[in-house]
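Here is the structure we will look at, set down as structure tokens.
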């Protein structure tokens, strides 16, 4: 897939992948890194009954978990090799119940900066092969450089 | 603890507690309902290494999980017995790394309505007995009535 | 311009236009309704020095004014004739200083509902004929029906 | 009024006041700086029919204008003398129609940092001497230092 962004670190894919593997929570919930392009990251999560809220849908906090990491790694993919990434804030709109077999959080950088990045994620729920947008996230991330 | 709100359902505590028990994700992450007052709910989560992001702190999505439910049940505690609660949106500001032994999400209703509730959560991280505010959530919830 | 939405009220354009004309603040700041399609509304504001903050850029609150109305009327365009529209909440990310000759807030409905609408606006600043995205808004609106 | 914050610049009051006077939009809408304490700023706006939306209430964007500046100057009051302040993002919840004679935006810093500040504003509408909370803002601001 082509991208509008030029990565500053040619090894951005392995850097994102390595950091993702260090997020123990991803193993706990069963999420996987599906795609990494400059400024765009996709995280997938198969449905599990142990991640649900009272109505049997995936809990909004679990949706947030993969959406936040999709935003964060989309930003991280554009940062220089020595930077760390920090989420400052995000906002989520829940458009429909998170019902389905497979959830895909598609994170994209909206505006990169030296220190401040604006990114967004969309969460798609897939059921019987059909995709439905169920949530959006809009957030601000920060590149933190070693002093 | 006294409250500024009058619950519409005298059995709000058991209704909140029952619904919380149906949130399978709470068992999965190890969270517990600690306090339920009219318009105010506290959820506690002890630190677990399997809930962390790449730096060893609790992942922002897991923080969101307990903060969202604290907001949601704070609103739910004020709703009539027949209503269900739905989160429409929330925003999180991350003020400090979620580092500590125990995390407490304190959810409070800011403004109740017939259908729309505004609520907020504060997340405190406790380490060696000292509490630190590490995140805030501001959200909108909806009461859904049977047709 | 084609649209993915079917308006419930065939007279949506004149209804939006009439309501816009009742927003006295639009005359005060010099904003005009530029486009009205089902689920999509554009509001334009020429630069005026009396709308600026301390650095000579358009104040974020003035940007919010046209972005909020663009979201609101995008939602309103899809509502039945008897409904009123109410903003519940919105979030703005400021991506760049609002510097330019002309500002265009492009509001679009992301998800319509019976009562709850999710909409977003993008604010473009135009200078010497070139457009730049300077802010985004993501909000929730409500249709209010006469009792 | 006592404050939990220690200003870095002893001349913070005159610095805030000078910057406020440079916001031309404040004169245009008729807003005034009412209080400046370390980390806390109040801006007042008397009702004017030319600032209203279609129902005769103050437009949410005008509410945002004074709430954003209240947040911004609350943060600015704690910054070193050489810093400029920039709003990165904010979120507004509208709790009730902005109806009244006088509006007071009370901005407070929630968490100061070297570069990132989290602040919030509450908007009170005063009618016949009684105050009502009509909106809340939660935002992120940045201190920008000369290179």
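For segment B:1-29, which residues satisfy the criterion of being over 20 Å from residue B:84 (Cα atoms) and within 11 Å of another protein chain (Cβ to nearest Cβ)? Correct list: B:27, B:28, B:29.
Yes or no: residue B:105 within 14 Å of chain A (Cβ to nearest Cβ), over 30 Å from residue C:113 (Cα atoms) and within 12 Å of the chain's Cα centre (by Cα)? In short, yes. The set of residues from segment B:79-88 being within 14 Å of the chain's Cα centre (by Cα) and closer than 17 Å to residue D:92 by Cα comprises just one member, B:87. Here residue C:113 fulfils each of the conditions (1) in contact with a strand residue (DSSP E or B) (Cβ under 7 Å, 6 or more places away or on another chain); (2) not in a strand (DSSP E or B) apart from (1). Taken over segment A:57-82, the criterion of being part of a helix (DSSP H, G or I), more than 7 Å from every other protein chain (Cβ to nearest Cβ) and under 11 Å from residue B:65 (Cβ atoms) is satisfied by A:63 alone. Filtering D:39, D:30, D:56 for residues that are surrounded by 19 or more Cβ atoms within 10 Å (Cβ to Cβ) and at positive phi leaves a single hit, D:39.
Filter segment A:83-99 down to the residues that are under 23 Å from residue B:135 (Cβ atoms) and outside any strand (DSSP E or B), then identify the one that is farthest from the other protein chains (Cβ to nearest Cβ).
Per the stated criteria, the residue is A:83.
For segment A:34-56, taking the residues that are free of Cβ contacts under 8 Å to residues at least 40 places away in the same chain and assigned to a strand (DSSP E or B), the one that is nearest to the chain's Cα centre (by Cα) is identified as A:35.
If only residues of segment B:134-147 that are more than 8 Å from every other protein chain (Cβ to nearest Cβ) and in contact with a strand residue (DSSP E or B) (Cβ under 7 Å, 6 or more places away or on another chain) are counted, the one that is farthest from residue B:118 (Cα to Cα) is B:134.
The numbers here are math on the coordinates, done by the rules we state, and not lab data. Predicted model only: the values in this text are computed from it and were never measured. When we count neighbours, we look across all protein chains shown, and the Cβ atoms used for this are built from the backbone with ideal geometry, even at glycine.
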